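Chemist: Below you'll find the structure I mean.
The values are calculated or read from the model by the stated rules, or taken from the named source; none is laboratory data. Everything numeric in this text was worked out from a predicted model, so none of it was measured. Glycine gets a Cβ as well: all are built from the backbone with ideal geometry, and neighbour counts include every protein chain shown.
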Amino acid sequence: MIPLALGLCALADDGERADSGDPPGLRTSRADGRFVNSAGFVHAQLKQHPPKLAFHPKMTAADFAAWQEALRLKLRELGRFPEIPPQPPPRHLGTVQRDGYEVQRWEAYPEPLGVVPFLVLVPTGVSAATPRPAVLCLPGSAYTKESLAGEPELGGGPPTGVPGHDNMAQWYAKAGMVAVAVDNPGIGETGDPLVGPDEISLYLVWAGRSYEMLSVSQKLSILAWMKHQAFISPGQVAVSGHSLGAKPALILGLLDPSLSAVVWNDSVVSWRERAVVCDLGAPFVNRQFIPGFIEWLDYPDLMAAMAPRPLLICEGGGRGTSNECGRPTVSWAPRPTCKSPTTRSTPRRTGGRWTTGTCQRA
C-alpha cells in the first residue's frame, strides 16, 4: 500500500498543553488545565482525542484486514440503518434517446414511505449479450441528477451544474459505461421549496438518523438493483461522487466490498484536524455530520481502508490557496508546528456564513 499524507497537518505532539498557541478565546489560564469557555473545552477535546479507529501506517496485513472489518461494522452501527421489510422493485418510467446512449428514468422504493428517482444512461449497443461496467454517480450540494446526465432540469430551469464540467454521468456513458445518476436527499426532484437539506438533516438527527447515512441507505438499494441487471458486467460496479456526494460514495465503498472502485471528487482533509486548526471556524454543514462519527474515524481513514481496491482522488488537499476555514481570506502558508493563527481580526458568522474579517497565518 502506498502511504499517503492525509489531513491538513499534524496536530500537537502527545502531552502538549491543549491551549498552547491557540487564540485567547480557546486558551485557559487555570492551573488544572480546565476550560470555563465551552468552545475552548470542545476545541481541546477534539485536539487531544483522535478517532479510536484511526488508520496506523505500521499495521500488519492481518491487522489491516481486521481494522477494515472493524470500520465496516462501526459504520453500520453509526448509520442506524432501519430494518426494512421487503419493498417493491424499482419501476421504469420512460426512455429518451440521445446521441450514442439512451436515458432511462426510474424510481426506487428503498424503504417504507420513500421514493428515490434515478436516471440510467445506457450506451448504444449495451445489452444482456454485451454487458458493460457501471458507475453510480452522486452529485455535489446544489446539483441534480439531471445535471450529471447532461439533461434539461425538471421544470425548465437553468442548469444547476456547469455544462460540460459537472455532467459526469454523461461522460461515463460516452466512454461506454452504464451510468446511474441519483439526487442527494432534499435536492432536485426530491427537494422542497420551504424545507432544505440542512433542516432535513436536523430532523433526521432528532429521529436518530443522519442525512449522510440516509443518502447511503438509499444508494445501497439502487446498487443492489444494479448488480442484478443483465446489461451490467458482474463485479464491475464503481461509485463516483462529487463534494456532498463524495462522502456517501466513500462510505459505500467500504460498506460494500464488492464495489470495484471509488472516485472521490473533493478535497482531502481530516475534518477533525481542520476544526482544530480553524479554531472551530471550519464550515459547518449539517448534512455532512453523522453523530458519533469523529469519535471513531475520519474520511482519510476510509480512504486508507479502500486498499487494495482503486481509489481515484480528483482534487487536492487543504493547503495552497484553499479557503478551508470558511473565512473570506485565508493564507495556508505552512508553519513548522502548524499552530492556529496568532493574529487575526475575528470574522462574524451569521446563519452559518462568515461575513467579515480575515484569518492570516503568522
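Chemist: Test V96 against the criterion of being among the hydrophobic types (A, V, I, L, M, F, W, C) and either over 25 Å from D192 (Cα atoms) or in contact with a His (Cβ under 9 Å, 6 or more places away or on another chain) (or both), and give yes or no.
Modeler: Answer is yes for this residue.
Chemist: Sticking with this structure for a sec: Considering only region 189-289, give the helices (runs of 4 or more DSSP H) lying wholly within it that have at least 2 residues that are closer than 19 Å to P117 by Cβ and among the aromatic types (F, W, Y).
Modeler: 211-226
Chemist: Okay, moving on. Is it the case that some residue within region 47-55 is touching a Phe, Trp or Tyr at 6+ places or on another chain (Cβ under 6 Å) and not aliphatic (A, V, I, L, M)?
Modeler: Taking every residue of region 47-55 in turn, at least one turns out to be touching a Phe, Trp or Tyr at 6+ places or on another chain (Cβ under 6 Å) and not aliphatic (A, V, I, L, M).
Chemist: For region 99-137, which positions are under 28 Å from G186 (Cβ atoms) and either of a type in the set (S, T, Y) or touching a His at 6+ places or on another chain (Cβ under 7 Å) (or both)?
Modeler: Scanning region 99-137 gives Q104, W106, Y109.
Chemist: Determine, yes or no, whether P193 is surrounded by fewer than 22 Cβ atoms within 10 Å (Cβ to Cβ), modelled with pLDDT of 95 or more and of a type outside the set (V, I, T).
Modeler: Against the criterion (surrounded by fewer than 22 Cβ atoms within 10 Å (Cβ to Cβ), modelled with pLDDT of 95 or more and of a type outside the set (V, I, T)), P193 does not qualify.
Chemist: While we're here: From A66, A70, grab the single residue that is outside any loop (DSSP other than H, G, I, E, B) and either among the polar types (S, T, N, Q) or without any contact (Cβ under 8 Å) to a residue 12 or more places away in the chain (or both).
Modeler: Unique residue meeting the criteria: A66.
Chemist: Can you name the condition, by its number, that S29 falls short on among (1) modelled with pLDDT of 95 or more; (2) assigned to a loop (DSSP other than H, G, I, E, B)?
Modeler: (1)
Chemist: Any idea which of (1) crowded, with 19+ Cβ neighbours inside 10 Å; (2) over 21 Å from L254 (Cβ atoms) is the one S210 doesn't satisfy?
Modeler: Exception for S210: condition (2).
Chemist: Give the number of residues within region 290-314 that are assigned to a strand (DSSP E or B) and crowded, with 17+ Cβ neighbours inside 10 Å.
Modeler: Count: 2.
Chemist: Restricting region 184-212 to residues that are among the acidic types (D, E) and touching a Pro at 6+ places or on another chain (Cβ under 7 Å), which is farthest from A224 (Cα to Cα)?
Modeler: That would be E189.
Chemist: Next up: With the structure loaded, tell me whether V182 is closer than 18 Å to F118 by Cβ and out of contact with any Asp or Glu (no Cβ under 6 Å at 6 or more places or on another chain) or whether it fails that test.
Modeler: yes
Chemist: Can you name the residue in region 70-99 that is among the basic types (K, R) and more than 26 Å from the chain's Cα centre (by Cα) and is also surrounded by the fewest Cβ atoms within 10 Å (Cβ to Cβ) among such residues?
Modeler: Only one residue fits best here, namely R91.
Matching residues to (1) without any contact (Cβ under 8 Å) to a residue 40 or more places away in the chain; (2) over 20 Å from W171 (Cβ atoms); (3) not acidic (D, E):
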| residue | (1), (2), (3) |
| --- | --- |
| L194 | yes, yes, yes |
| G208 | no, yes, yes |
| M213 | no, yes, yes |
| S233 | no, no, yes |
| V237 | no, no, yes |
| S240 | no, no, yes |
| S243 | no, no, yes |
| K247 | no, yes, yes |
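Chemist: Among (1) of a type in the set (S, T, Y); (2) crowded, with 23+ Cβ neighbours inside 10 Å; (3) more than 14 Å from L136 (Cβ to Cβ), there is one condition Y203 misses while meeting the rest; what is its number?
Modeler: (2)
Chemist: Restricting the search to region 258-273, which residues are crowded, with 22+ Cβ neighbours inside 10 Å and among the charged types (D, E, K, R)?
Modeler: R272, E273, listed by residue number.
Chemist: Could I ask something else about it? In the list A181, A249, which residue meets the criterion of being of a type in the set (A, V, I, L, M, F, W, C), modelled with pLDDT of 95 or more, buried (at least 19 other Cβ atoms within 10 Å of the Cβ) and in contact with a Gly (Cβ under 8 Å, 6 or more places away or on another chain)?
Modeler: A249
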